[in-house]
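Here's the structure, in structure tokens; my notes come after.
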Amino acid sequence: MEDVLAASRFGAPEVHHLPGIPDLVRDADSVLAGYLSMSWAAPHLFGERLAAFTREARALLAACSPDGVFWD
């Protein structure tokens, strides 16, 4: 594939190594807060069902990660 690119008008590919950002690790509270910070999931939109939603969401998160750590 690189030889095809090198033969084109784009020329030989260049390799660049750039520093990235560290992994973002979150707990269940942070995951839930991030979700509820979205305009389409703002807490006031849940009305009286907000408490039930957060309970169910926490249960689902606990089932997915018993240690309570999530990679973002």
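A few points about this structure:
- Elements of the type helices (runs of 4 or more DSSP H) sitting completely within the range 1-57 and holding at least 1 residues that are loosely packed, with under 10 Cβ neighbours inside 10 Å and modelled with pLDDT under 95: these cover 2-7.
- Residue check for L60: in contact with a Pro (Cβ under 9 Å, 6 or more places away or on another chain) and either in a helix (DSSP H, G or I) or open to solvent by less than 60 Å² (accessible area, probe 1.4 Å) (or both): no
- On the stretch given as the range 5-58, residues that are charged (D, E, K, R) and either within 17 Å of F70 (Cα to Cα) or under 20 Å from the mean Cα position of the chain (by Cα) (or both) total 6.
The values are calculated or read from the model by the stated rules, or taken from the named source; none is laboratory data. What you are looking at is a predicted structure, and each value in this text was computed from that prediction instead of being measured. Virtual Cβ from ideal backbone geometry, glycine too; neighbours counted across all protein chains shown. In case anyone asks, the SASA skips ligands and DNA or RNA and just uses the protein heavy atoms, side chains included. Shrake-Rupley method; radii C 1.70, N 1.55, O 1.52, S 1.80 Å.
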